[in-house]
Every structure is written in C-alpha cells, then in structure tokens.
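Visitor: Have a look at the structure that comes next, please.
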Amino acid sequence: MAIGFHEQKEKSLLRLSLYIAGLFVFVAFGFALITQSGAILFDGVYSLIAFFMALLTLKVANLVQLPDDDRFHFGYTAIEPTLNLFKSIIIIVTCLYAVFSSISSMLQGGNSAEYGLAMIYGVFATIGCFAISAYMKHRGKTLRSDLVGVDARTWFVDGVLSASILLGFAIAYLLEQSDFAVYSPYVDPILLIVLGIAILPIPAKIMLDSLNEVINKAPSEAASAVVEKKLKHSLRAVPYEHVEVRISKRGRDLYLLVHIIVDESYGLTTITELDDIRKETEAAMREWNPSILMDILFICDPKLAD
C-alpha cells in the first residue's frame, strides 16, 4: 500500500515526539542531579519511558500501514492497541513505584532539594510538555491514529506532572524562607505521592480501552447503535428481513461482519448484483467513517448469523 499524506504526517508527529522526549530525558536527569530532587528524577524517568515508547510507537506506525500477508491475515493493526496497553502498564508501575518510594522517604525524614533551581526546571518542563501535547492533538485531529492520540495524552500527563512539581517547588521555596523551614524536606515526597495517585486514572483508562481492543470486545452499545443505524440506512434499497452486525475495533480499523437475512423469495439474476450491493454499501460506510472494513454475507437461515 502506498504511503499517503496522513501516514507521512503521522510519522512526522511521532518522530517529533521522539526527539523532544530525548531532550527532556537529558534536561530532567541533569536538573535532578543538580537539585537532588526526587520529583524531578521521577519526571526524568517518565520522560525516559516516553522516549523508549516513542521508539516502539514509530516502529508500530510503520507496521500498521502494511497490508495483510501470510503471517498476519488481518493486517498489523492489532499491534496498535497492544502497544498502548504496554505503555499504560509501564506508566502505572512507574507511578506506583514513585508513591511507595516517597512514603519510604517521608518515614526517613523527607528529602531536601535546591528548590530555587528546581523551579526553573518546572517552568521549562511545564511549558514544553503542554506545548507538544497541544501541537500533537491539533495536528493529529484529521488522523485515524490511536498512536498519536495516546502520545498526545501522555505528554499532557507529563505536563500536569511538571506543573504540579513546579507548584510544589514554589511552596517548598516559600517554606524555606519562613519559620516553617523544618517542613520543607517533606514537600518533595508528598508531591510525588499526590502526583503518582492523581495520574493513575489516565493510564488506567488507556489500559482498559486498549485491553478491550486486544481481547476483541465490541464497542459500547451506544457506539454500536450509531454504526448499525448508518448501516441500515445504506441498505435501505435492499429488501432484507433483518440485519445482524458484529463490530470489532482493532487500532485504527473498525471491522464489521454483516449478515443480511433475506426471504427465500428474494431473487437475483447474477452474483454480480450481490457484489454491487456490497461495493455500494461499503463505499457509503467508508465515506461516513474511513476506518471501516466490512464483510457482508447474504443468508436465508437466521441460525447462520448466530
């Protein structure tokens, strides 16, 4: 399959994400070393994960554009939710590790850091993460790419993380200048605990959505109802008795197995007429949603649709 504009655009966005993730890794680890901040170190680890995930994402973006072959009869799109599932699990494990390590740090008296320098990192990281997240979300609106969508959300999570770190550093800096300086070492681990717990719902949702696709679970009833309504509208010229639809989402593809149940009196001159119905129906559905792939079967016995 020839690579078109959208595929090139997707690769460009993912490549940009890879380069910026690499930059953030060096900056975060550098500031963590200078400031001795566990929160910045956690942000650096998160960026390192994002970097390696971006490498995998770029590879997967190449694979999912390949047509089906002897090894993958239905193409490579199932790799997409599998990667997103793997990403979300890694982020969840990282957050949980940060929470438990911070609790341990608090029990040992907290962690002092150079909060003045740390605030400089907080400003840089917050602006950078939100900017790349907004850019990828804006540029990726016309793409049928879960990879870009998850990447944009990953950067948004990193932006929330960085903004919260910045706020915590500002509070710690003010504490150091006050009569409550004794409490400032606890700010860094408390910040990590709050961040780790607050971030968890986002990768958890990505994990559940991706898992549903990996195990081939049907979309929600509401989403399925919309697809079925559109399908029946496209079949309005066909005298069917009932239409049975099975729907499966695999990455960017939405697969429909359609059984059209007709009466025995439904007569056709040639098989070509059935082919024409299939072509017209699929064209109408793909015009509505380009991600749709379909198989249409005509049957008389409803049991064959079970």
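The values are calculated or read from the model by the stated rules, or taken from the named source; none is laboratory data. Only a predicted model underlies this, so the values are computations on that prediction, with no experimental measurement involved. Here the Cβ is made from the backbone with ideal geometry for all residues, glycine too, and neighbour counts use every protein chain on show. These area figures cover heavy atoms from the full protein model, side chains too; ligands, DNA and RNA do not enter into them. Shrake-Rupley method; radii C 1.70, N 1.55, O 1.52, S 1.80 Å.
Visitor: Working carefully through the options Val182, Val243, find the one that is of a type outside the set (Asp, Glu), in a helix (DSSP H, G or I), at pLDDT 80 or above and over 30 Å from Leu83 (Cα atoms).
Guide: Of Val182, Val243, the one residue that is of a type outside the set (Asp, Glu), in a helix (DSSP H, G or I), at pLDDT 80 or above and over 30 Å from Leu83 (Cα atoms) is Val182.
Visitor: Give the range 140-159 a look and list any residue that's open to solvent by 40 Å² or more (accessible area, probe 1.4 Å) and either within 20 Å of Thr82 (Cα to Cα) or at pLDDT below 80 (or both), or say none.
Guide: Passing the criteria: Lys141, Thr142, Arg144, Asp146, Arg153.
Visitor: Within the range 12-28, can you find the residues that are of a type outside the set (A, V, I, L, M) and open to solvent by 30 Å² or more (accessible area, probe 1.4 Å)?
Guide: Ser12, Arg15, Tyr19, Phe26
Visitor: Can His242 be described as open to solvent by 70 Å² or more (accessible area, probe 1.4 Å) and touching a residue at least 60 places away in the same chain (Cβ under 8 Å)?
Guide: Yes, satisfied.
Visitor: Just one of Lys217, Lys205 is in a loop (DSSP other than H, G, I, E, B) and either touching a His at 6+ places or on another chain (Cβ under 8 Å) or open to solvent by 70 Å² or more (accessible area, probe 1.4 Å) (or both); which is it?
Guide: Only one candidate passes the filter, namely Lys217.
Visitor: Does the range 184-202 contain at least one residue that is open to solvent by 20 Å² or more (accessible area, probe 1.4 Å), closer than 22 Å to Ile90 by Cα and hydroxyl-bearing (Ser, Thr, Tyr)?
Guide: no
Visitor: Show the residue pairs that are 6+ apart or on different chains and have beta-carbon atoms under 7 Å apart, the first residue being within the range 185-206 and under 12 Å from Ser102 (Cβ atoms), the second being aromatic (Phe, Trp, Tyr) and open to solvent by less than 30 Å² (accessible area, probe 1.4 Å).
Guide: Hits for this filter: Leu192/Phe42.
Visitor: Can you tell me how many residues within the range 160-183 are of a type in the set (Gly, Ala, Ser), open to solvent by 10 Å² or more (accessible area, probe 1.4 Å) and in contact (Cβ under 8 Å) with a residue 40 or more places away in the chain?
Guide: So the count comes out to 2.
Visitor: For the range 263-306, what are the residues that are under 16 Å from Leu231 (Cα atoms), among the aliphatic types (A, V, I, L, M) and part of a strand (DSSP E or B)?
Guide: Residues satisfying the conditions are Ile292, Leu293, Met294, Ile296, Leu297.
Visitor: Then there is this: Test Asp253 against the criterion of being out of contact with any helix residue (DSSP H, G or I) (no Cβ under 6 Å at 6 or more places or on another chain) and either open to solvent by 30 Å² or more (accessible area, probe 1.4 Å) or not charged (D, E, K, R) (or both), and give yes or no.
Guide: Numbers: out of contact with any helix residue (DSSP H, G or I) (no Cβ under 6 Å at 6 or more places or on another chain): yes; either open to solvent by 30 Å² or more (accessible area, probe 1.4 Å) or not charged (D, E, K, R) (or both): no.
No, not satisfied.
Visitor: Would you confirm whether any residue within the range 59-81 is open to solvent by 20 Å² or more (accessible area, probe 1.4 Å), farther than 30 Å from Arg250 by Cβ and either over 16 Å from the mean Cα position of the chain (by Cα) or at pLDDT 80 or above (or both)?
Guide: no
Visitor: Could I ask something else about it? Note down all Cβ pairs under 9 Å where the first residue falls in the range 218-229 and is closer than 17 Å to Arg286 by Cβ, the second is part of a loop (DSSP other than H, G, I, E, B) and not aromatic (Phe, Trp, Tyr), and they're at least six residues apart or on different chains.
Guide: Correct list of pairs: Val227/Pro219; Val227/Asn289.
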